[in-house]
1. Could you check how many residues of segment 51-105 are open to solvent by 40 Å² or more (accessible area, probe 1.4 Å) and among the hydrophobic types (A, V, I, L, M, F, W, C)?
2. Provide a single number: the residues in segment 97-124 that are hydrophobic (A, V, I, L, M, F, W, C) and assigned to a loop (DSSP other than H, G, I, E, B).
3. Which numbered condition in (1) among the aliphatic types (A, V, I, L, M); (2) at pLDDT 95 or above; (3) open to solvent by 60 Å² or more (accessible area, probe 1.4 Å) is the only one that residue 119 fails?
4. Residue 70 - would you say it is at pLDDT below 90 and within 17 Å of the chain's Cα centre (by Cα)?
5. Check whether at least one residue in segment 52-59 is touching a strand residue (DSSP E or B) at 6+ places or on another chain (Cβ under 6 Å), aliphatic (A, V, I, L, M) and at pLDDT below 95, and report yes or no.
Amino acid sequence: MRRLLMRTMAGGSLLLMTLAVNAQDRDRYRDDDRYYDRDDRGYRREGPNNWGGGSLIDRVQSDLRYADSDAYSRGERKRIDNARRELYEFQRAWSAGRFNRHELDDSIACIQKVVDHNALGERARSILWDDLQRLRSFRAEYNGVNIHGIEH
């Protein structure tokens, strides 16, 4: 009985040491792992002024798709489709090197309507609200400047 108890304790100690060493190795390589630099929705973490233009628009488009999966009525989906269409129009101009404030304003207004009038879940509404704030900041930062830094 004593022999069995000693073996069990030795085995348990060995298991705990192995787990501790593995946890240290995992923490050491965490900085190199591409998944640890993502937020809870899988997007790359970026600084407050690192908009990246296309990546912000892609993110908002993805969030609108998420909201669409949360929508129930035809009217809700129609507002979301309008917002996606307006954002696509802005994205097209942006990709061509033009900052089209009118298209961005239309996109922001359509997304605001989605937030105000759709019966979305709290998470989808919160995500879109954050996107609205990012788009407004993006508009303020790039107003009158094309993507090459030349003022209009």
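The values are calculated or read from the model by the stated rules, or taken from the named source; none is laboratory data. A quick note: this is a predicted structure, and the numbers were derived from the prediction, not measured. In this analysis, Cβ positions are derived from the backbone assuming ideal geometry, glycine residues included, and neighbour counts consider all displayed protein chains. These accessible areas exclude ligands, DNA and RNA; they are computed on the full protein's heavy atoms, side chains included. Shrake-Rupley method; radii C 1.70, N 1.55, O 1.52, S 1.80 Å.
1. Qualifying residue count, segment 51-105: 1.
2. Qualifying residue count for the region: 3.
3. The number of the failed condition is (2).
4. In short, yes.
5. no
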